[in-house]
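Below: one structure, written as structure tokens.
All of the numbers you see were taken from the coordinates with simple rules; none came from a lab. Everything numeric in this text was worked out from a predicted model, so none of it was measured. A quick note on method: Cβ atoms are made from the backbone with ideal geometry, for glycine too, and the neighbour counts reach across all protein chains shown.
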Amino acid sequence: MEWIMVIALILVGAILLVVELFLMPGTMVVGFLGIIANLLGIGLSYFQFGGEVALTTFGVAGVINAFTIYRAFQKGTWKKVTLSKTLETEALSEKLSNKLEVGDTGVSISALRPIGTADFEGETYEVTAKRGLIEAGKPLSIVKISGAKIYVKEQDSL
């Protein structure tokens, strides 16, 4: 049982060191925990099995840590754990500039307090009321488009 604990501590320490190097660089907390886990594994082997075994454990821990870090640096290792697909969508501002214009009319789907949803040309958009609150189901008119923001007024108040 003691050997399992020693090996587990050393492996966890090696994994934490790799996490520090590649996934959370600069935090030092994870790397520090990795070093502590390694030292606890070596210390446990010293107290359970004596100095010669602890020295051997120290050497094995060094080899395991070096090998783990070496494997992490190899080409292709991180392709297995990183996102490899890219999204091919148009930006909302491009979508707006192609479809909607100032003066277009639509209907509020939800109450605009001041932000809500509205339907323009059969599509749902998030809109902002230019002034006040607008109830659901009211006719709207676009008064301004700024990037991805659509500003509207109730049609009656124009």
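Some points to look at:
- Over segment 2-80, the Kirkwood radius and the radius of gyration, each from Cα atoms, give a ratio Rg/Rh of 1.03.
- Segment 2-80: relative contact order as a whole-number percent, Cα under 8 Å and 6+ apart: 33
- Value of Rg to Rh for segment 99-157 (Rh from inverse mean 1/r over Cα pairs, i.e. Kirkwood): 0.90
- Sparsely packed chymotrypsin sites (Phe, Trp or Tyr not before Pro) within segment 17-77, loop by DSSP, other Cβ within 10 Å at most 14: none
- For SER141, SER108, order by how many other beta-carbon atoms lie within 10 Å, fewest first: SER141, SER108
- Taking segment 99-157 and dividing mean pair separation by its residue count, relative contact order in percent (alpha carbons under 8 Å, at least six apart): 33
- Measuring between their Cα centroids, segment 98-112 and segment 35-61 lie 69 Å from each other.
- Least to most buried among VAL127, VAL60 (fewest other Cβ within 10 Å first): VAL60, VAL127
- 17 Å cut-off, amide nitrogen to a point 7 angstrom out along VAL143 Cα→Cβ, residues in segment 104-125: 104-108, 112-118
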